[in-house]
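What follows is a single structure, written as structure tokens, with notes after it.
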Amino acid sequence: MSDTHSEELILELARSLHASGSPAYELESQMEQVATALGRQATFFSTPTSLFVTFDDERYGTRMLRVYPSKTNLGRYAELFRLQQSIQDESVTVQDALAQLRSILAMPGGYVTSVQIASYGIVGACVALLVGGNNTVIISAGAIGLLVGAMVLGLSRLRFPSHLTNVIAGFTASAIACVVQSWVTTSNFELTALSALIVLVPGLHLTISINELATKNLASGSARFAGAMTTLLTLIFGVYMGYDFVAALHPIPDSVAPHTPSLIASVFVVIPIGLCLAVLFRTRYQDVPWLLFSTLIVYGALRLAGDNFSPFAAVWIASVVAGVTSRLLSNRLRLPAAVMLVPSLILLVPGTLGFTGLAQIMLREDLPSGLRLLTTMLMTSVAIVAGQLVTDVITPIRKMRTGTGRR
């Protein structure tokens, strides 16, 4: 095997894992194992927008790869994980591994557009039920979610900047929700806008950033945290502009108070939420049942723990259950734990708290309530990360066998 081919494989595999949503603490560890299996010693340093690879051999030095944040692709990540295992098991040659990698990267980007748009709407309606919206909120959130999904997918194909897309989506969702509340019937525009935009709320990225900071990946964690907060601010700014636009035309009546949904209703909507998350995260068909299983287990743990413990403790317990379940299934099925873990954590991540907190500050000018919600958001993220750190102790990551290296 030539050094040139092994270097190309290492660089392209690292770039592909990054593009599929691998966090810094996983990417760096995995790629060091891959490099060792290929007979090369390399050090990796990952940030959300760049990837540095330093080969110990001074002839090759350091490579800097410019990478761009992209949507999580669990299907591609699972295929890359399988390829990574094959490399470390020495069951594939470097040339064959490069061919497989190119084939994986050439795979279709996900589900058909109509299914993705429908997923936005279904998630919006289901989340509206979970947060206690009335029938008007549920129907409005579902309809606006469809529009937001079509808008996001359409603008992404036109290569609109993501933050501009967030502003437009926030404005549209808020304006329509306010129109419904002002001229149609009693509603709650905050819950409607939140539910319709929930897929765009960066709660998962916020939690990953806290985890990266906790695992001493300070550069990546800080950059990802700043990116998540910027996304949240652009969404809220769009919501604020939509609200202000409608309020200038007609006074917006008071919102109806949310109510607590029944346990049966909550469990009923978790299944369609899980299916839609599988679509939005581009999960392979064969992995969808395991995704649904872990999602139901984690939601059940959250509800049961919530009846007996404080909210932060309940989130911590559910995070531990999510981590242990995904890790055990991963070891059993030879799948990346992220396939089960990421959709499960979506039910725990505090993006809604951050959205509501900033909305309280900007729309209601209620600084104390907004700061309290933002503080709760950060503490919830810490609880989730603490649960994942405990998971590493209970079920440590099983390192793949490292071969003797091939030249």
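Points to keep in mind about this one:
- In terms of its C-alpha gyration tensor, the chain comes out prolate, because a/c is 1.5 or above and the ratio a/b outweighs b/c.
- Against the main long axis of the alpha-carbon atoms of the chain, helix 135-157 sits at an angle near 40°.
- Reciprocal of mean inverse Cα separation for the range 26-108 (Kirkwood radius, Å): 13.9
- Karplus 3J(HN,Hα) series, Hz, for the range 297-305 with 6.51 cos²θ - 1.76 cosθ + 1.60 (x for Gly, Pro): 4, 5, 5, x, 5, 5, 5, 5, 5
- Net charge over other residues, Cβ less than 14 angstrom from the Cβ of residue 360 (K, R count +1; D, E count -1): -1
- The range 277-331, relative contact order [Cα under 8 Å, separation at least 6], %: 32
- In sequence order, calculated HN-Hα J values of the range 365-371 (Karplus, 6.51, -1.76, 1.60; Hz; x Gly/Pro): 6, 10, 5, x, 5, x, 5
- Order by protection proxy (mean Cβ within 10 Å, highest first), peptides 190-201, 148-159, 214-225, 290-301: 190-201, 290-301, 214-225, 148-159
- Burial order of peptide ranges 379-386, 262-269 (average beta-carbon count within 10 Å, highest first): 379-386, 262-269
- Both radii were evaluated on the Cα set of the range 273-375; the Rg over Rh quotient, with Rh as the Kirkwood radius, amounts to 1.08.
- For residue 371, net neighbour charge (Lys/Arg +1, Asp/Glu -1) across residues whose Cβ lies under 13 Å away: 0
- The sum of -39500 (n - 2.57) across all DSSP H runs of n ≥ 4, divided by the residue count of the chain, sets its helix-only mean residue ellipticity at 222 nm to -23000 deg cm²/dmol.
- Packing, as the average of other Cβ atoms within 10 Å across residues, places the peptides 93-101, 274-282, 364-372 in the order 274-282, 93-101, 364-372, highest first.
- From phi via Karplus (6.51, -1.76, 1.60), per-residue ³J(HN,Hα) for the range 209-218 in Hz, x at Gly/Pro: 5, 5, 5, 5, 5, 5, 9, 6, 8, 5
- Label-to-label distance, nm, for residues given as residue 160 and residue 369 (7 Å Cα→Cβ offset): 3.0
- Contact order for the chain, expressed relative to its length and based on alpha carbon pairs under 8 Å spaced 6+ residues apart, stands at 19 percent.
- For the range 220-284: rounded, prolate or oblate by the Cα gyration tensor [a/c cutoff 1.5]: oblate
A short reminder: the numbers here are calculations on the coordinates, not readings from a lab. The structure presented is a predicted model; accordingly, all values stated were derived computationally and were not measured. Note: ideal-geometry Cβ built from the backbone for every residue, glycine included; neighbour counts use all protein chains shown.
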